[in-house]
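**Q** Right, I'll just put the structure down here and ask away after.
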Amino acid sequence: MAKTASFKNAPWMRDAWYIACEEKALKKKPLALTLLEEPLVLFRSSSGKVAALEDRCPHRSVPLSKGRVCGENIQCAYHGWQFGGDGVCRLVPALGDKMEAQKARARAYPVREKHGFLWVYMDAEKPPASEPVGFPLREVKSYQFFRYEMDFDAGMVATAENILDVPHTSFLHKGLFRSGKLKPIDVEIRNHADRVEAEFFGEPRPKGIVGSILAPGGGVVRHVDRFILPSLAQVEYALGPYSHLMISNYLSPINRDVTRMFSEIGFRLPVGGGAVKRIVMPLAKRIADQDYDILAAQQETIEKFGEERLFSTSADVLGPRILQLLKRASKADSKPLRRTNQKLTMYV
Amino acid sequence: MAKTASFKNAPWMRDAWYIACEEKALKKKPLALTLLEEPLVLFRSSSGKVAALEDRCPHRSVPLSKGRVCGENIQCAYHGWQFGGDGVCRLVPALGDKMEAQKARARAYPVREKHGFLWVYMDAEKPPASEPVGFPLREVKSYQFFRYEMDFDAGMVATAENILDVPHTSFLHKGLFRSGKLKPIDVEIRNHADRVEAEFFGEPRPKGIVGSILAPGGGVVRHVDRFILPSLAQVEYALGPYSHLMISNYLSPINRDVTRMFSEIGFRLPVGGGAVKRIVMPLAKRIADQDYDILAAQQETIEKFGEERLFSTSADVLGPRILQLLKRASKADSKPLRRTNQKLTMYV
Amino acid sequence: MAKTASFKNAPWMRDAWYIACEEKALKKKPLALTLLEEPLVLFRSSSGKVAALEDRCPHRSVPLSKGRVCGENIQCAYHGWQFGGDGVCRLVPALGDKMEAQKARARAYPVREKHGFLWVYMDAEKPPASEPVGFPLREVKSYQFFRYEMDFDAGMVATAENILDVPHTSFLHKGLFRSGKLKPIDVEIRNHADRVEAEFFGEPRPKGIVGSILAPGGGVVRHVDRFILPSLAQVEYALGPYSHLMISNYLSPINRDVTRMFSEIGFRLPVGGGAVKRIVMPLAKRIADQDYDILAAQQETIEKFGEERLFSTSADVLGPRILQLLKRASKADSKPLRRTNQKLTMYV
């Protein structure tokens, strides 16, 4: 199987915004983290400007994150060299006024603050063509929000597929999410240039307690699963004109083996936020733990065998399309999406 | 030194039966284990049939061993796909009656139950040409048996050589097995198509307590060490027409670094089984621990240096021949065995 | 960046003496250790002669260090083979008088005892062209000595540069060693065939308590930092005709990632050895711990990025020259030293 066809080694978009961390996670001290396999240091200058540099002093390869903020610069802990938020060397103390080290630049990545998160544009070579989109519904007054963060020991595509996959809920999450006899539902899959989504028709409300909360009156639910480039996996539920729930999961690839998920549930429901917090969130946690385990087992198996096996059927509505979107977006593949809008029936 | 000449990277026979585990180790839940570097899942269907598949769901590379038995099939924990004991996909629940996934097969290995063990034929591509031989003497009424299982952190040939090697007993097991001044004994080495054996003539009975038990009257012992393809290392002692002891060690290569040994001592002795259990078994355990340590040190040294050194003399009667047998059997080498039957004297 | 230009992969001289351990560390039992990535066994024969062999029995790759001393030989724990201090096989017990294994030699390295240490010449192929130099001042009566030993998780050149680098002391060791405003000092760099040294002129005495002890009267200090092939990093301080302190750090590369430092402080000072022991040594320990941490972080960063970044300025007076010396000495580079004697001013 060709390497590019695998979920595990799926290409990432570099010219895109990824969440690095919550804004409040960056305090006075520089913060080390990794995105797309790049060790980064984030720091907030004295004037409050946030910057992201590669976490390696050009002088002697010491991590800048061991240093400290010094005015508008970050100062290396080893020899005191200072770098601005643009990565340019501003001071080599031992040289006094001499500037021999102007070319000693640390790679600098654009950063933005939005909706309480720090977003990093992972292409240091060119300016961003857009701004981070942030969380939908965030500025709509009638919605309430919960937020959580979680690491999966799996690649980004496997994680995104898991989040957006419906059939596995009847097995992996049996009893928590769905239960009983499988029933046919209709699915419409819609391809767009920057996203792919699947809408489910005639789906009964989710079984179990989660269903009772999300759609207390029962009945048919509108359900859309959606992947938006580069890494937003979104699950949307609606029941009638009032009940609406949108789970937005921004996925930040740490590396090929770890994906960090920054999630926000935005909702407008007949039940209060308290019920969601007390009942939905603990269940969501148990579901997420089951997903964590199966994704870690999937990845461990890929490592053991030294290669991935993927055999997709028509019921795998989003995974293969996510992979194709990413391959096109990262120029790893220039073919148009194979299958355009499509309808099918599946059993869940 | 060529890779194929090394003990550590000795070829394995694939078209052969290996012990996977004791029959009783496989309960209702599927069992994960590794043989010849292949992660396997064993399961016993509702009708009692045992099957062995590669431990990877063809759909998304999740280990099947995390699933459960479902009638005659094993069901994957992730999306509920079911596979028969032949590895063929029988059901994709989300597809209902549609069978898009008939080609999604998991590799299936023949399995047999014999003498309390599950034996797996490690060539999934062709049917076995023979049946597992099992343990000799097993069905002879006048014998008693003890059984034990142990992992060595070493390759299979190094482990087999260690089990069948006589000279090391005077040093590594000094005081436990042999002791005092070395004495000459005559050895006859006999090559066969599927085995090689060394018979020792004029060997005094083993020194120490073990000797007293195995041959209480003293005198000359008949002693044969034998390796039978693909992985049986056998030590046989006889004294006169009555006393007889056969230690059969089936070696299952887990991978290049770990070899699992399934041993059975079958014996007919003037002393009762109780004496063997109380005295011989604890001594055997101490001897095995010393062997474990030296084999682990040998392997660690090979890793440290990045290559193996082997310098054999005529006193290394079986190791080089075991390697050659395996190379021929696995088609890595088509040369006939260099040395045919041979007699020599060595000091132990 | 070319591999040979990196500190981490700097070549080592093989035809050179390295300290293996203190003399007293080698007792009756053979001692395993590693130098230049070679696992070695050191042993002292019954007549008191010390030998160093590769730690691998030629017979079956078992570490000889698991064996024992047997007269003038070392005996392998597995089959009792014996090897002399020259690595030649002297006895294969199972063969009696037959000598089939004379060609089974373990590589042998020259060893010397000097100044309380065991020195190994790391080229087993040719006899040493010189003898170990040992510690300067060691035989001068008026000096006192302290000795310590420490491992750095870093390559040898990065460690040597760190020991001999002045500018980092103002930042990494702020408060302990230097403090306050940076001041200009003049440096003269002198290249020789086997060494490179930097002498600092007009340097105020080191700040803080260390300075008070080393130069209680204050005033200008003569300070020379010196690297001598293959691995001696020396720091020398003098104040007037009496006070003199020489820190000699012999670096033994264990491998690319670990460097062992054997240090001796030789001094003749107005304060007694007690004050040095009570005050200078604990401070030296704190300084060494800070250096340990930054070197480990440097190396970890190189591993994370998969390559080293080095951007040297004129204030990096010794590191690049040490690298060049080693490249010439190990024949990795035949160019003469680029820069000859040179004067410059830097701020510390």
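The values are calculated or read from the model by the stated rules, or taken from the named source; none is laboratory data. Small disclaimer: the values here were computed from a predicted structure and weren't measured. A quick note on method: Cβ atoms are made from the backbone with ideal geometry, for glycine too, and the neighbour counts reach across all protein chains shown.
**Q** For the stretch B:26-50, give me each residue that is touching a residue at least 24 places away in the same chain (Cβ under 8 Å) and more than 22 Å from A:Glu303 (Cα to Cα).
**A** Those that are touching a residue at least 24 places away in the same chain (Cβ under 8 Å) and more than 22 Å from A:Glu303 (Cα to Cα): B:Leu26, B:Lys28, B:Lys29, B:Phe43, B:Arg44, B:Ser45, B:Ser46, B:Ser47, B:Lys49, B:Val50.
**Q** Moving to a separate point now. Restricting attention to the stretch A:276-287, does a residue exist that is in contact with a His (Cβ under 8 Å, 6 or more places away or on another chain) and in a helix (DSSP H, G or I)?
**A** yes
**Q** Separate question: So, in the stretch C:121-146, how many residues would count as being within 20 Å of C:Pro253 (Cβ to Cβ) and in contact with a strand residue (DSSP E or B) (Cβ under 9 Å, 6 or more places away or on another chain)?
**A** Looking only at that region, the number is 10.
**Q** Which of the following residues is touching a residue at least 60 places away in the same chain (Cβ under 8 Å), touching a strand residue (DSSP E or B) at 6+ places or on another chain (Cβ under 6 Å) and not small (Gly, Ala, Ser): B:Leu64, B:Leu118, B:Leu53?
**A** B:Leu118
**Q** Sticking with this structure for a sec: Of all residues in the stretch A:307-323, count the ones that are polar (S, T, N, Q) and in contact with an Asp or Glu (Cβ under 7 Å, 6 or more places away or on another chain).
**A** 2
**Q** Kindly evaluate C:Arg268 against the criterion of being of a type in the set (D, E, K, R), assigned by TED's automatic domain parsing to the domain that holds C:Ile213, without any contact (Cβ under 8 Å) to a residue 24 or more places away in the chain and under 15 Å from C:Gln144 (Cα atoms).
**A** So C:Arg268 fails the test.
**Q** Return yes when A:Ala297 is surrounded by fewer than 22 Cβ atoms within 10 Å (Cβ to Cβ), among the hydrophobic types (A, V, I, L, M, F, W, C), at pLDDT below 95 and more than 24 Å from A:Val221 (Cβ to Cβ) and no when it is not.
**A** no
Condition check ((1) farther than 16 Å from C:Ala284 by Cα; (2) part of a strand (DSSP E or B); (3) at pLDDT 95 or above) across all residues:
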| site | (1), (2), (3) |
| --- | --- |
| C:Val210 | no, no, no |
| C:Pro216 | yes, no, no |
| C:His223 | yes, yes, no |
| C:Arg226 | yes, yes, yes |
| C:Ala233 | no, yes, yes |
| C:Tyr237 | no, yes, no |
| C:Pro241 | yes, no, no |
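**Q** What are the residues in the stretch C:10-47 that are of a type in the set (A, V, I, L, M) and outside any loop (DSSP other than H, G, I, E, B), if any?
**A** C:Ile19, C:Ala20, C:Ala25, C:Leu31, C:Ala32, C:Leu33, C:Leu35, C:Leu40, C:Val41, C:Leu42
Conditions tested, residue by residue: (1) touching a Gly at 6+ places or on another chain (Cβ under 9 Å); (2) surrounded by 16 or more Cβ atoms within 10 Å (Cβ to Cβ).
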| site | (1), (2) |
| --- | --- |
| A:Asp15 | no, yes |
| A:Glu22 | yes, no |
| A:Ala25 | no, no |
| A:Leu31 | no, yes |
| A:Leu40 | no, yes |
| A:Asp55 | no, yes |
| A:His59 | no, yes |
| A:Gly71 | no, no |
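**Q** Let me ask something else about it. Take the conditions surrounded by fewer than 18 Cβ atoms within 10 Å (Cβ to Cβ) and either of a type outside the set (S, T, N, Q) or touching a helix residue (DSSP H, G or I) at 6+ places or on another chain (Cβ under 7 Å) (or both) and apply them to B:Lys66. Does it pass?
**A** Spelling it out, it is not the case that B:Lys66 is surrounded by fewer than 18 Cβ atoms within 10 Å (Cβ to Cβ) and either of a type outside the set (S, T, N, Q) or touching a helix residue (DSSP H, G or I) at 6+ places or on another chain (Cβ under 7 Å) (or both).
**Q** Across the stretch B:182-205, what is the total count of residues that are over 12 Å from B:Tyr347 (Cβ atoms) and acidic (Asp, Glu)?
**A** 4
**Q** Considering (1) in contact with a helix residue (DSSP H, G or I) (Cβ under 9 Å, 6 or more places away or on another chain); (2) outside the structural domain of C:Arg286 (by TED's automatic domain parsing), say which one C:Gly134 fails and leave the rest.
**A** Condition (1) is where C:Gly134 drops out.
**Q** Of the numbered conditions (1) in contact (Cβ under 8 Å) with a residue 60 or more places away in the chain; (2) closer than 16 Å to B:Gln234 by Cα, B:Glu131 fails exactly one; give the number of that condition.
**A** Just one mismatch for B:Glu131, condition (2).
**Q** Does B:Gln290 meet the test of being part of a helix (DSSP H, G or I) and either surrounded by 22 or more Cβ atoms within 10 Å (Cβ to Cβ) or touching an Asp or Glu at 6+ places or on another chain (Cβ under 7 Å) (or both)?
**A** So B:Gln290 fails the test.
**Q** Would you say C:Asp257 is within 20 Å of the chain's Cα centre (by Cα), assigned to a loop (DSSP other than H, G, I, E, B) and more than 13 Å from every other protein chain (Cβ to nearest Cβ)?
**A** Yes: the conditions hold for C:Asp257.
**Q** Among the residues of the stretch B:97-106, write down those that are exposed (fewer than 15 other Cβ atoms within 10 Å of the Cβ) and either touching a Pro at 6+ places or on another chain (Cβ under 8 Å) or aliphatic (A, V, I, L, M) (or both).
**A** B:Met99
Here is a yes/no grid of residues against (1) within 14 Å of chain B (Cβ to nearest Cβ); (2) modelled with pLDDT under 90; (3) within 30 Å of B:Met346 (Cβ to Cβ):
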position: C:Ala101; (1), (2), (3): yes, yes, yes
position: C:Gly134; (1), (2), (3): no, no, no
position: C:Arg147; (1), (2), (3): no, no, no
position: C:Asn162; (1), (2), (3): no, no, no
position: C:Phe171; (1), (2), (3): no, no, no
position: C:Arg178; (1), (2), (3): no, yes, no
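**Q** Something else: From B:Ser142, B:Ser130, grab the single residue that is polar (S, T, N, Q), at pLDDT below 95 and closer than 17 Å to B:Tyr18 by Cβ.
**A** Criteria check complete, one pass: B:Ser130.
**Q** Could you pull out the residue among C:Gly155, C:Gly80, C:Gly87 that is buried (at least 20 other Cβ atoms within 10 Å of the Cβ) and closer than 19 Å to C:Asp15 by Cβ?
**A** Within the list C:Gly155, C:Gly80, C:Gly87, the selection yields C:Gly87.
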